[in-house]
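Encoded as structure tokens, the structure appears first; notes follow it.
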């Protein structure tokens with residue numbers, strides 16, 4: 001009976017953890033880019049009462065004289081096995097904002113804050129007053145590639161094929177609207193667009209003629225085990241010992257997803273699933289509570305027998 005009490009206590013603790021996970025999922029049902037979590041449990045080591053025995057045979061005839069028996073052990077409850085991150089694709093939501101981006105497929109945006117890299121599926125980006133492409137919630141710099149293509153003077157100027165450098169922060173003073181084209185200061189940046197390949201293209205004009213120039217390309221990172229990333233809050237993740245190193249590259253390359261501008265990826269939480277899990281967790285908690293109540297009643301019966 002004492003074993004049943006302690007086993008039920010472990011069950012109660014685990015059901016509380018499960019409810020914590022469910023409550024967090026429901027709280028983030030409308031959080032863009034949130035990935036739901038799931039608690040799973042494992043059985044605790046049992047107490048061995050009797051070991052297993054092999055069949056016995058007669059030494060002379062070789063015939064079996066007694067069959068084998070299985071071991072007997074009594075479980076001691078359950079423990080938290082893991083809290084898994086389910087990194088499946090969330091639904092899309094149209095926002096109409098040019099700098100909002102959604103990844104259709106594998107990969108994560110790369111952000112840098114104070115020299116440290118973070119990874120996220122949330123693409124609610126914007127430009128700051130200096131022209132840096134940033135995460136709107138924290139100011140972390142979005143990472144990508146800068147185009148080093150050569151410009152040639154003319155009417156309009158011509159721009160060579162894109163020459164992407166190493167991944168770095170996107171933007172800076174060179175991305176402000178109205179900024180001049182390097183080769184011809186009469187051409188100024190009037191507008192920009194973001195393609196599915198992650199390329200940010202600027203449109204420069206002198207009032208009569210216009211020229212387009214690929215300016216930056218969004219960088220995406222994939223991991224051998226996305227579920228192993230460490231959650232840092234704000235829908236940010238960092239590399240852990242079990243996530244593997246980030247494989248950084250361009251959208252659409254090496255199984256990375258494409259960029260969908262003007263959209264945000266919403267949470268992948270399914271409320272109907274969460275409510276079902278909540279009912280199961282509630283029933284599990286009630287059942288463990290009942291075990292404690294019955295075990296206490298049995299102990300009281302034993303005490304009463306002693307008194308009598």
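Only the coordinates and a few stated rules stand behind these numbers; no lab work does. Here the structure is a predicted model, which means the values were calculated and not measured. Here the Cβ is made from the backbone with ideal geometry for all residues, glycine too, and neighbour counts use every protein chain on show.
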- Task: Describe numerically, in nm with one decimal, the distance between label points set 7 Å from Cα along Cα→Cβ at residue 79 and at residue 45.
- Result: 0.8 nm
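May I ask you to derive the FRET efficiency for residue 301 and residue 112 from their Cβ-Cβ distance with R0 = 51 Å, giving the value to the nearest 0.05? Provide the component values of the computation, followed by the final result.
Numbers: r = 66 Å, r/R0 = 1.29.
That pair, residue 301 with residue 112, gives E of 0.20.
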- Item | Burial ranking of peptide ranges 69-77, 121-129 (average Cβ count within 10 Å, highest at the top) | 121-129, 69-77
- Per the Cα gyration tensor, the range 165-217 corresponds to an equivalent ellipsoid with semi-axes, largest first in Å, of 20, 13, 9
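What Kirkwood radius, in Å to one decimal, follows from the Cα pairs of the range 222-308? Please report the intermediate quantities before stating the final value.
Working: mean 1/r = 0.0537 Å⁻¹.
One over the average 1/r among Cα pairs gives 18.6 Å for the range 222-308.
For residue 152 and residue 234 in one chain, what is 0.36 nm times their gap in residues minus the Cα-Cα distance, to one decimal in nm?
Values: separation 82, 0.36 × 82 = 29.52 nm, distance 4.39 nm.
Length gained, residue 152 through residue 234: 25.1 nm.
Could you work out the percent of alpha carbon pairs in the range 107-190 separated by over 20 Å, rounded to a whole number? If you can, show how the numbers build up before the last one.
On the way: 1483 of 3486 pairs.
Looking at the range 107-190, the distances longer than 20 Å represent 43 percent of pairs.
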- Task: Please determine, in degrees from 0 to 90 and to the nearest 10, the orientation of helix 271-307 with respect to the longest principal axis defined by the Cα atoms of the chain, where the helix direction is its Cα long axis.
- Result: 30 degrees
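Quick one: Cα convex hull volume of the range 1-95, Å³ per residue?
130 Å³
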- Query: When every alpha-carbon pair in the chain is counted, what percent end up more than 32 Å apart?
  - Reply: 51 percent
- Give me Rg over Rh for the range 92-265, both radii from the alpha carbons and Rh done the Kirkwood way, two decimal places. 1.00
- Quote the FRET efficiency, to the nearest 0.05, computed for residue 190 versus residue 247 with a Förster distance R0 of 30 Å and r equal to the Cβ-Cβ distance. 0.25
- Task: With the cut-off at 16 Å, report for the range 102-148 the share of all Cα pairs above it, as a whole percent.
- Result: 38 percent
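What value, in deg cm²/dmol to 500, does the helix sum -39500 (n - 2.57) over DSSP H runs of n ≥ 4 give at 222 nm once divided by the residues of the chain? Don't skip to the answer; put the middle values down first.
Numbers: 2 runs with 63 residues, N = 308.
Value at 222 nm, helices only: -7500 deg cm²/dmol.
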- Query: Taking the Cα atoms only, what angle lies between the long axis of helix 2-27 and the longest principal axis of the chain, rounded to 10 degrees?
  - Reply: 20 degrees
